[in-house]
Amino acid sequence: KRYLVCNMEASIVIPTLNEEKNLRILLQQIDHKKYEIIVVDGGSTDKTVETAKKFGLKVLYTPKGKGTALRKGMDAAKSDIVVTMDADLSHRISELGLLIEAIKSGYDICTGSRFIMGGGTDDMPLYRKLGNKFFVWLVNIIWGTNYSDLCYGYRSFRKDVIRKLNLESDGFGIETEISIKVAKKKLKVIEIPSYEKKRIHGEGKLRSVSDGFSILKRILKEM
């Protein structure tokens with residue numbers, strides 16, 4: 001199977017909300033000749049959109065949250081391989097090649113994990129680690145999976161697989177929904193070690209309590 005469309009190695013979907021300073025640095029690190037880069041903005045009031053356009057990028061818009069942004073960006077992607085990543089500089093560009101090669105080698109989805117050998121995080125307090133661990137345990141018990149990480153956005157997909165998932169989440173439950181539906185459809189998935197760095201500028205958008213309830217609600221809905 002051929003995995004290149006329009007001479008691009010992959011499409012990278014980046015949801016944004018007031019990430020002007022981080023986005024400028026991130027876009028300087030990505031090879032624009034190799035990748036289609038799609039920014040999906042959630043209503044930034046800073047110069048996030050202007051920054052993306054200065055780099056000549058396609059910018060889409062949605063006010064409904066990270067899940068909607070990812071769904072919209074993935075749907076618009078032209079490459080046969082789609083990568084999702086955050087705009088806050090927490091994901092290492094050096095891992096991009098591994099995510100893409102996993103799909104080229106035959107996996108349907110490749111997901112970064114902070115909790116296998118070689119992975120780690122500088123940006124997760126203990127209560128969030130415990131919450132993530134609980135959700136991982138719950139999903140593994142219910143669907144017989146062997147995930148080590150669940151709520152992490154650095155992932156790669158075969159484009160045709162995305163369509164099969166029929167994703168619905170508007171918010172931060174999107175990664176959990178993906179992982180569950182991958183298991184339910186018995187798709188071929190692999191985890192690779194990923195190291196999550198601290199964001200450099202601004203504040204994170206994740207709200208631990210409310211977004212935690214959204215994740216739990218999604219798990220219960222998929223049962």
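State whether one or more residues within region 82-90 are within 21 Å of Ser169 (Cα to Cα), at pLDDT 95 or above, of a type in the set (Ser, Thr, Tyr) and exposed (fewer than 15 other Cβ atoms within 10 Å of the Cβ).
Looking through region 82-90, none of the residues is within 21 Å of Ser169 (Cα to Cα), at pLDDT 95 or above, of a type in the set (Ser, Thr, Tyr) and exposed (fewer than 15 other Cβ atoms within 10 Å of the Cβ).
Return the only residue of Ala69, Ala52, Ala77 being among the hydrophobic types (A, V, I, L, M, F, W, C), surrounded by 20 or more Cβ atoms within 10 Å (Cβ to Cβ), at negative phi and out of contact with any helix residue (DSSP H, G or I) (no Cβ under 7 Å at 6 or more places or on another chain).
Ala69
Could you run through region 11-24 and say how many residues are outside any strand (DSSP E or B) and surrounded by 22 or more Cβ atoms within 10 Å (Cβ to Cβ)?
The number of residues fulfilling the criteria is 2.
Give the number of residues within region 125-138 that are more than 22 Å from Val189 (Cα to Cα), touching a residue at least 12 places away in the same chain (Cβ under 8 Å) and surrounded by fewer than 18 Cβ atoms within 10 Å (Cβ to Cβ).
The number of residues fulfilling the criteria is 2.
For region 91-117, which positions are under 24 Å from Glu168 (Cβ atoms) and touching a helix residue (DSSP H, G or I) at 6+ places or on another chain (Cβ under 8 Å)?
Asp108, Ile109, Cys110, Thr111, Gly112
I'd like the full set of residues that are closer than 23 Å to Lys78 by Cα and open to solvent by 40 Å² or more (accessible area, probe 1.4 Å), limited to region 25-49.
Gln28, Gln29, Asp31, His32, Lys33, Lys34
Among the numbered criteria (1) assigned to a helix (DSSP H, G or I); (2) without any contact (Cβ under 8 Å) to a residue 60 or more places away in the chain; (3) small (Gly, Ala, Ser), which single criterion is violated by Gly73?
Unmet for Gly73, out of (1) assigned to a helix (DSSP H, G or I); (2) without any contact (Cβ under 8 Å) to a residue 60 or more places away in the chain; (3) small (Gly, Ala, Ser): (2).
Could you say which residue among Ser113, Ser105 is over 14 Å from the mean Cα position of the chain (by Cα) and either among the basic types (Lys, Arg) or closer than 30 Å to Gln28 by Cα (or both)?
It is Ser105.
Being closer than 20 Å to Ile116 by Cα, surrounded by 22 or more Cβ atoms within 10 Å (Cβ to Cβ) and among the polar types (S, T, N, Q) is the filter here; which residues of region 139-186 pass it?
If the condition is that a residue be closer than 20 Å to Ile116 by Cα, surrounded by 22 or more Cβ atoms within 10 Å (Cβ to Cβ) and among the polar types (S, T, N, Q), then Ser156, Thr176, Ser179 are the ones that fit.
Can you report the number of residues in region 91-103 which are of a type in the set (Val, Ile, Thr) and either part of a loop (DSSP other than H, G, I, E, B) or open to solvent by less than 30 Å² (accessible area, probe 1.4 Å) (or both)?
Summing the residues that are of a type in the set (Val, Ile, Thr) and either part of a loop (DSSP other than H, G, I, E, B) or open to solvent by less than 30 Å² (accessible area, probe 1.4 Å) (or both) in region 91-103 gives 2.
The values are calculated or read from the model by the stated rules, or taken from the named source; none is laboratory data. Every value quoted in this text rests on a predicted model; they were computed, and no experiment measured them. Because the Cβ atoms are built from the backbone with ideal geometry, glycine has one as well, and the counts that use them run over all protein chains shown. Please note that ligands, DNA and RNA were not included when accessible areas were found on the heavy atoms of the full protein model with its side chains. Shrake-Rupley method; radii C 1.70, N 1.55, O 1.52, S 1.80 Å.
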